[in-house]
1. For LYS232, go through the lysines and keep the ones whose alpha-carbon is under 23 Å away, minus same-chain ones fewer than eight residues off.
2. Quantify how much of the Cα-Cα distance distribution of the chain extends past 23 Å, in percent.
3. Under 18 Å Cα-Cα from LYS196, which aspartates and glutamates qualify once same-chain neighbours fewer than 8 residues away are excluded?
4. State the Cα centre-to-centre distance between region 170-201 and region 113-168 in whole Å.
5. Given the options CYS170, CYS222, CYS43, state which has the largest fluctuation in a GNM of the chain using a 10 Å cut-off (strictly under) for Cα springs.
6. Run the helix sum for the chain: -39,500 (n - 2.57) per DSSP H stretch of 4+ residues, divided by residue count, reported at 222 nm to the nearest 500 deg cm²/dmol.
7. Over region 1-64, consider all pairs of different Cα atoms and compute the Kirkwood hydrodynamic radius from their mean reciprocal separation; express it in Å, one decimal.
8. Using only the alpha carbons of region 162-249, determine the length spanned along each of the three principal axes and report them from longest to shortest in whole angstroms.
Amino acid sequence: MPYMRFLLGNIAKGESLPQRLKVMGTLLRDTRGQLASLIHSHCTSAAALGRQIGLSADVENTLAYTFERFDGEGLPAAVSCDKIPIEMRVAQFADVAEVHYRIYGLDAVIAMARSRRGGHLDPDVVDAALGSPDEIFAPVPAGDSWSDALGYAPDREVRLTDESLDRLVCAIGDFVDLKCPFAFGHSRRVATLSAKAGELLGLDAGNLRTLRRVGYVHDLGCLGVSNQVWSKPGELTPSEWERVRSRGRQ
């Protein structure tokens, strides 16, 4: 019920009442089917991004299970138990545990994990985590946490070539464009036009490559602005404009 209240309060928010009722009716006629379709699209897009930036097929496959549940009540395929890759079962615990720990503390993590054990979460993963929660949720040591995290990466010795970095920033731009239907392909076109302009100005190859990369990611801040703003048919309010401007500056 809390989830349904959330949906009804946010579906087509900002649209006219008739449009909101139409969208709500479509969803409620087949809620699970509609959500399964949405989640399938989400997982497929994540897998495509992984493939485009050069991640392994194992990563691509695992992403398809992001919204499944250990008890088989998840979406989109109602996969259960050990049919969900162990990497995803661990990630699912980490996903919810991090939020509970950050907002409410360790006791809340323990209570959440026990309540979801065997339902949303793998019992073995929960038991392993609760076996030494103080160790798992110990404060991060002072220092360069980014370098520490990279130290655990299995491909930490692999360095991106110029071509690999080009594919990476192009993929980021492609997925930024998915934020709004009218922007599809926008980042690639900006990158191409920017590079052509640089050629006319006589820039060298290194500067042209940098210019093209900047074109790919120039709209990255758009991801931080709600689609309710981008899709709004009328004028933006002052607060909405400020949100857009602040993301642009970032």
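1. LYS13, LYS22, LYS179
2. Details: 20996 of 31125 pairs.
Tail of the P(r) past 23 Å holds 67 percent of the pairs.
3. Those aspartates and glutamates meeting the cut-off are ASP166, ASP204.
4. So the separation of the two Cα centres works out to 32 Å.
5. Largest GNM mean-square fluctuation: CYS222.
6. On the way: 14 runs with 161 residues, N = 250.
Value at 222 nm, helices only, nearest 500: -20000 deg cm²/dmol.
7. On the way: mean 1/r = 0.0729 Å⁻¹.
The answer is 13.7 Å.
8. Largest to smallest, the principal-axis extents are 43, 25, 20 Å.
A short reminder: the numbers here are calculations on the coordinates, not readings from a lab. For clarity, every value in this text was computed on a predicted model and none was experimentally measured. We place every Cβ from the backbone using ideal geometry, glycine too, and count neighbours over all the protein chains shown.
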